[in-house]
Amino acid sequence: MTLLITGSAGFIGANFVLDWFANHDEPAISLDKLTYAGNLQNLASLEGNPHHTFVHGDIGDTALVNRLLAEYRPRAVINFAAESHVDRSIRGPEDFIQTNIVGTFHLLESVRGYWGTLGAAEKSGFRFLHISTDEVYGSLAPTASAFTEQHPYQPNSPYSASKAASDHLVRAYHHTYGLPVLTTNCSNNYGPFHFPEKLIPLVIRNALAGEMLPIYGDGQQIRDWLYVRDHCSAIRRVLEAGQVGETYNVGGWNEKSNLDVVSRICDTLDQEAPRSDGRSYREQIRFVKDRPGHDRRYAIDATRLERELGWKPAETFESGIAKTVRWYLDNQDWVENVASGAYREWLNKQYT
Ligand code: NAD
Ligand code: DAU
C-alpha cells in the first residue's frame, strides 16, 4: 500500500504529507517539480522517515511517472501539482496551461496505463484524487446561494480556466475509460507554509517588515476561508470513502471580505507582536489597483461532504487565523528563506 502525491512540496501538498504521516504509516512517494512555490524545507521534519520518498520531477514527464508507478505500485495518486497563483496567471498564463492542463493530461495518461495493468481487486480499489478549487465556479452575486457540486463551471481567470480544464479531463477519464477518479473543489486555504504571495501570508510578512498591506480595489471581495489542516482531513476522508466519479466541495463556512481578513490579522498582530511605536498595523493598509477580472465572491456549500462522509472543519476562522499568525511569528526564518530575490522581483512587478 503506497500513495503517490504530486505537488507535495507546496503549501497544501506539504501540509497533507505531514498530516498523512501524523495519522498513518502507509508509505508515500512525493513528486514535485520544485518551482518557485515548491520548498523542500516544508518537508524537513520528515527527513529520515523510511516511509517517505521524495522525487524531484514533473507530472508531465511521462517516462519518470511511468517508472514511479511501475516501481512503487501505488494504490492511489493524489494530484496537488499546479501553478496556483491567480495574479501570476494574469501576468503569464503559459505555465498554467502547461502544468495544470497538459501536465494533468500526461499524468492521467500514465495513470490510465498503469491502472490497466492491475489485477481486478487492485483495479477496483485504485483511486486518482484530483485537488481542485472553488474558482472553477466563477463569481457569486452577493445574495446568491453558495456553490454546490451542481453549480455550472464559469471560470474567469487563466488560473481557474486551467483548473476547470483539468477537472473536465479527470471527469472524462472516468466516463470514457472507467478510471476510478475523485475530485475535490475547495475554497481558500490558509495556515503554515503558505507562500507569501497570497493575501494572508503576504499581509503578515509585510506588516512585520513595516511595508504596506495592499488591498485590491475596495477590499469588499469575499472569500470563504478554510484552515489548511481541515482541507487535509477532508481529502483523507474523500480518499477513504468518496464515491468514485463524484466531486466534493470543501469549505469552511467562513465568508469574509478581504478588508475584514486584513483587519483581523492587524488586530492579532497588535496583540501578539505590537509595533514599536505603539500604533496599529492597520495604519499600513493601502488600497491599490484592482486585480483584472477580480471575482467578487466565492462561497462553498460543503453540505454533501458532511452529509455523506461526515466531514466538518475543526477550526473557526478566529482559531485558524490565531494559529496561523503564531506560526509565522515562530517561523520567520522560513519566511526569510522563501523571500528570495525572485520573490522581491515579483513584489516589485506586482505592486509598483
Ligand atoms: P502551491 O503553488 O503552494 O504548490 C504547488 C506545488 O506544485 C509546488 O510545490 C510546485 O513546485 C508543484 N508543481 C508545480 N508544477 C508542477 C509540475 N509540473 N510537476 C510537479 N510539481 C509541480 O499550491 P497550493 O496552494 O499548495 O495548491 C495545491 C493544489 O490545491 C493546487 O492544485 C491548487 O489549485 C489547489 N487549491 C489551492 C487552494 C488554496 O487556497 N491554496 C484552494 C483550493 C484548491
Ligand atoms: O478559492 C481558492 C483559491 O484561493 C485557490 O484555488 C488559489 O490557488 C489560491 O491562490 C486562492 O486564490 P485567491 O485569488 O482567492 O487568493 P489570493 O490570496 O491571491 O487572494 C485572496 C483575495 O485577496 C482575492 O480577492 C485577491 C485579494 N488580494 C490578494 C493579494 C495577493 C488583495 O487584495 N491584495 C493582495 O495583495
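Every read-out reported here was derived from the displayed coordinates using simple, explicitly stated rules and does not represent laboratory data. Here the structure is a predicted model, which means the values were calculated and not measured. All Cβ positions, glycine included, derive from the backbone under ideal geometry; neighbour counts span all protein chains shown.
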Can you confirm whether region 38-45 contains a residue that is in contact with a strand residue (DSSP E or B) (Cβ under 8 Å, 6 or more places away or on another chain), within 16 Å of ligand 2 (Cβ to nearest atom) and in contact (Cβ under 8 Å) with a residue 12 or more places away in the chain? yes
Residue selected from region 20-46 under the condition away from ligand 1 (no atom under 16 Å from the Cβ) and among the acidic types (D, E), by the criterion surrounded by the fewest Cβ atoms within 10 Å (Cβ to Cβ): D25
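Restrict the check to region 47-55 and report whether at least one residue is within 28 Å of L347 (Cα to Cα), touching a residue at least 12 places away in the same chain (Cβ under 8 Å) and near ligand 1 (Cβ under 10 Å from one of its atoms). Even if it seems obvious, please write down each step before you answer.
The initial filter retains those residues of region 47-55 that are within 28 Å of L347 (Cα to Cα), namely none.
No, every residue in region 47-55 fails to be within 28 Å of L347 (Cα to Cα), touching a residue at least 12 places away in the same chain (Cβ under 8 Å) and near ligand 1 (Cβ under 10 Å from one of its atoms).
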Filter result (part of a loop (DSSP other than H, G, I, E, B) and either over 30 Å from Y137 (Cβ atoms) or touching a strand residue (DSSP E or B) at 6+ places or on another chain (Cβ under 8 Å) (or both)) within region 295-309: R296, Y298, A299, D301, A302
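When region 8-19 is examined, which residues are found to be in contact with a Leu (Cβ under 8 Å, 6 or more places away or on another chain), of a type outside the set (S, T, Y) and surrounded by 24 or more Cβ atoms within 10 Å (Cβ to Cβ)? Spell out the reasoning first.
Our first condition is that a residue be in contact with a Leu (Cβ under 8 Å, 6 or more places away or on another chain); within region 8-19, this holds for 8-9, 14, 17-18.
With of a type outside the set (S, T, Y) added as a condition, the list becomes 9, 14, 17-18.
Listed by number, the residues that qualify are A9, A14, V17.
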Suppose we keep only residues that are free of Cβ contacts under 8 Å to residues at least 60 places away in the same chain and within 12 Å of T62 (Cα to Cα) within region 98-123. Which one would you say is nearest to the chain's Cα centre (by Cα)? G103
Can you tell me which residue is farthest from ligand 2 (Cβ to nearest atom) among those in region 246-296 that are in contact (Cβ under 8 Å) with a residue 60 or more places away in the chain and on the phi > 0 side of the Ramachandran plot? W253
Has region 218-238 got any residue that is away from ligand 2 (no atom under 11 Å from the Cβ), surrounded by fewer than 23 Cβ atoms within 10 Å (Cβ to Cβ), among the hydroxyl-bearing types (S, T, Y) and not in a strand (DSSP E or B)? yes
Is there a residue being of a type in the set (F, W, Y) and either surrounded by 15 or more Cβ atoms within 10 Å (Cβ to Cβ) or within 16 Å of ligand 1 (Cβ to nearest atom) (or both) anywhere in region 280-289? yes
For residues in region 70-88 being buried (at least 24 other Cβ atoms within 10 Å of the Cβ), among the hydrophobic types (A, V, I, L, M, F, W, C) and part of a strand (DSSP E or B), which is farthest from ligand 1 (Cβ to nearest atom)? V77
Turns out the helices (runs of 4 or more DSSP H) fully within region 107-212 with at least 1 residues that are within 12 Å of ligand 2 (Cβ to nearest atom) and buried (at least 18 other Cβ atoms within 10 Å of the Cβ) are 158-177, 199-208
Scan region 198-220 and report the pairs whose first residue is at negative phi and among the β-branched types (V, I, T) and whose second residue is surrounded by fewer than 18 Cβ atoms within 10 Å (Cβ to Cβ) and outside any helix (DSSP H, G or I), with Cβ atoms within less than 8 Å and a gap of 6+ or a chain change. I215/R286; I215/F287; I215/V288
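Residue under question is G310, and the condition is that it be in contact (Cβ under 8 Å) with a residue 60 or more places away in the chain, within 26 Å of the chain's Cα centre (by Cα) and surrounded by 12 or more Cβ atoms within 10 Å (Cβ to Cβ); does it hold?
Working: in contact (Cβ under 8 Å) with a residue 60 or more places away in the chain: yes; within 26 Å of the chain's Cα centre (by Cα): yes; surrounded by 12 or more Cβ atoms within 10 Å (Cβ to Cβ): no.
Answer is no for this residue.
Every residue, every condition in (1) under 14 Å from D19 (Cβ atoms); (2) within 14 Å of ligand 1 (Cβ to nearest atom), yes or no:
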| position | (1), (2) |
| --- | --- |
| Y227 | yes, yes |
| S233 | yes, no |
| L239 | yes, no |
| V261 | no, yes |
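Look through T148, T184 and report the one residue that is at negative phi, polar (S, T, N, Q) and away from ligand 1 (no atom under 12 Å from the Cβ). Lay out the reasoning, then the answer.
Values: T184 fails: away from ligand 1 (no atom under 12 Å from the Cβ).
Just one listed residue meets the conditions, T148.
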Go through region 262-294 and report how many residues are in contact with a helix residue (DSSP H, G or I) (Cβ under 7 Å, 6 or more places away or on another chain) and either outside any loop (DSSP other than H, G, I, E, B) or under 21 Å from Q220 (Cβ atoms) (or both). 17
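On the basis of being within 12 Å of ligand 1 (Cβ to nearest atom) and under 27 Å from G57 (Cβ atoms), does A164 make the cut? Reasoning before the result, please.
On the way: within 12 Å of ligand 1 (Cβ to nearest atom): yes; under 27 Å from G57 (Cβ atoms): yes.
Yes.
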